[in-house]
Amino acid sequence: MTQNDKIVKNNITSGLVILATLSWGVTLWFAYTQGMPQARYGILFMGFMILIAVLSETEEALEENNFISLGLLIIAGIGGVIATVYMLIHYEALIYTRVGFAFQYEYVLAAILVYSILYLTYKSYGAIFVSVVVLAIIYGYAGNYFPGILRHGGFSLNRLLLILVLDVEGFFGSIHRIMASEVALFLLYAGLMRGYGAFDLILRIALRSVRYIKSGVGQSAVTASIIIGSITGSQAANTAITGSFTIPLMKEHGMRSDTAGGIESVASSGGQIMPPVMGAAAFVMASILGTTYLTVAIAGIIPAMIFYISVVIAVHYTTMQQIDGVVDINMGDYLDETKSKQELLVQSVRFVIPFIVLVYTLGVLQWSAMSAGLWTVVTMILTGFGFPLVKQAFEDVDEIPSQSREIVSQTIAGLKYGAVTLAPIVIIVASVNGIVDILTQTGLPGILSLIVIDLAGGNMTLTVILAMGVCILLGLGMPTVAAYIVVAFLIAPTLISQFLVPEMAAHYFVFYSAILSGLTPPIAIAVVVATGIAESNFWKTCVEALKISAVLFILPIAFIYNPELVVGGFTFETLVSAAIALMGALGVVHGLNTGSIGMNLPFTLLIRALFLALGTLGIVFPSLSVRIGALIGILVLYVFQSRNPFATQSPSSDTSPTSKFDN
């Protein structure tokens, strides 16, 4: 790298820091004062996110000497800023004076902003998703050329620009406003946590568990990835963050590369469904359903725990088949410095206090997500500065200035990380908002509902399966919030209106189903990232991921037939249903992931298929008596397997079902 390149890179980094600091300052100011209309604030926020996304991508373009990309980015940045500044200044005229009408030059500005959003979406998420956005625009414009029930009158280009931009809906619609006012605060919280070392702490705690649990190497990936994944809001991003550490760790201690990649991709995807943050989708779901965030978060606890426990057991089976005994890890081999238990405890308290503030303000005081997020961020900054400075005051007062500079540096790093992580998510959510508004005005959600029902012949089970398949396809490897928004508006209404599925159950169904795209080939974005890190075969890694995550494919259907799992809180009925579903999940896990059953191949496949079928019935079937019968069947089958009357090897073998289950 030449001296000029270094200067340019430093300038870009400085620009990102300045923009991140300014954008977070505006975000905190709005959360505290709400000093302007939320829609107007959303426009201002979009301008910041466009600039941050452009600078972030510019750094990569310069490293690759891609000057065409650099030129297109500069156009996107300048055009995006001019358009958002104009809309900010003329907000009242656009909203109140000229509704449904604009001057010709305003249409030009809107077209430039559309280009900015589409190009930045392409840079972050590739051509596949941009093609979907473009197809939605084409469908809106040329609807009169489409056949059959897909046909509609079509919109003019000016009308499309009004829908996407100038009506201050579309790209700036309600979901974008939630991103700007609520979700942004939680990404800032995540950024500060990372800056102050929370991710490092989580990895340290996960590593310590390796010493005490036989399957600890695999479980360390599950623990770290699920916790961090809940905050990051992206399966691919979380796989990259934690997988770069956990996958080599698993491989170095004897796990196959495809298994290591499969475990990490499942854990990173599973983190998206874990309360309280749920990859930031919980806030959007609450807004769409017109309920409180707390209601949505509580509804997600039981299915998340069923999934988490099933993954822990599956990883235990898988790890024990490839690693012998407890692994003794030297922390110094994987981390820059070792820390005592006391230091880890103090560090934990530093991060636990803001989390308690979050839970208390949301759960007990029942503040809005924006207010809770604001005071959680403030508390994080206070503990982030306070704990190290107090510790330094007891050790060496003279070093306080040096310690202060280090904390300021950590804070700046956290601000930058949060902004760089948030910007592409905001951009793609804007694109999704635009898609949803165009398609809604064409009437496509109702048409799609008719198509799905017609294909299924009115059968609810087939409709649910088809709907799940559509959700997986629409997920397209997008971040959690964007994937959920698409399916919430296009698929959930079908289940609610045609089959009277409770709203919460229908939205959790599509939410879980959309996440599955990260694990389902050929998209499987989480597996793609994990495969790259693990240097494994993509298809073998997919198979491992699907075996470990099988329960995640069954749970969404359970929400339809047993909605008490996510509706009504912690009633006796819910707890009983959850216990049965958990036992069914363990049956599925045992059938797919246990070691050698010790029988010939046809009998082995039959036993595994029976475990899978009975476990699925225990999770999904609406009749309580059938579900209990399925659990009894699982127990009988396990006893039969343990006694193994048709064994082809010694029951004392290391791979016998009894020894594996007891480990």
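Over the residues of the chain, the helix contribution to mean residue ellipticity at 222 nm works out to -25000 deg cm²/dmol, using -39500 (n - 2.57) for each DSSP H run of at least 4. The Kirkwood radius of the range 18-161, taken over pairs of alpha-carbon atoms, gives through the Stokes-Einstein law at 25 °C and 0.890 mPa s a diffusion coefficient of 143 µm² s⁻¹. Packing here is the average count of other Cβ atoms within 10 Å per residue, and on that basis the peptides 628-637, 424-433, highest first, run 424-433, 628-637.
With no solvent and one point per C-alpha, what does the Debye sum give as log10 I(q)/I(0) for the range 344-478 at q = 0.10, 0.17 Å⁻¹? These q points yield log10 I(q)/I(0) values of -0.63, -1.02. Taken over the range 425-560, the percentage of Cα pairs per 10 Å bin, counting from 0 up to the bin with the maximum distance, is 13, 40, 33, 13, 2.
Take each peptide in 447-455, 529-537, count the other Cβ atoms within 10 Å of every residue, and average; sorted highest first, the result is 529-537, 447-455. When the alpha carbon coordinates of the range 424-482 are projected onto the principal axes, the ranges are 40, 25, 11 Å, largest first.
Determine, for each peptide in 465-472, 439-446, 312-319, 395-402, the mean count of other beta carbons within 10 angstrom over its residues, then list the peptides with the highest first.
Details: 465-472: 20.6, 439-446: 16.9, 312-319: 23.6, 395-402: 10.6.
Per-residue Cβ counts within 10 Å, averaged per peptide and sorted highest first, yield 312-319, 465-472, 439-446, 395-402.
State the extension gain, in nm to one decimal, for the chain segment bounded by Thr33 and Ala579, taking 0.36 nm per residue of separation less the distance between their alpha-carbons.
Length difference between fully extended and current span is 192.0 nm.
Extents of the chain, largest first, come to 82, 76, 51 Å (Cα atoms, principal axes, whole angstrom). Note that the range 394-404 has calculated 3J(HN,Hα) couplings of 6, 8, 7, 4, 5, 8, 4, x, 5, 5, 4 Hz, one per residue in order, obtained from phi through the Karplus relation 6.51 cos²θ - 1.76 cosθ + 1.60 (θ = phi - 60°); glycine and proline are x. Here the range 76-150 and the range 500-574 have alpha carbon centers that stand 33 Å from each other.
In straight-distance terms, cross-link reach from Lys123 covers every one of the lysines whose alpha-carbon lies under 22 Å from its own, apart from those fewer than eight places away in the same chain; here that gives Lys9, Lys416.
Set Lys and Arg Cβ to +1 and Asp and Glu Cβ to -1, take the dipole of the chain about its Cα centre, and tell me which of Ser116, Ser623, Ile453 lies farthest positive. In the chain, that residue is Ser623. What net charge do the residues around Gln441 carry, taking every other residue with its C-beta under 12 Å from that of Gln441, with Lys and Arg at +1 and Asp and Glu at -1? Neighbour charge sum, excluding Gln441 itself: -2.
Coordinate-derived values only; no laboratory data. Nothing here was measured: the structure is a model prediction, and the numbers come from that model. Neighbour counts are summed over all protein chains in view; Cβ atoms, including those assigned to glycine, are modelled from backbone coordinates with ideal geometry.
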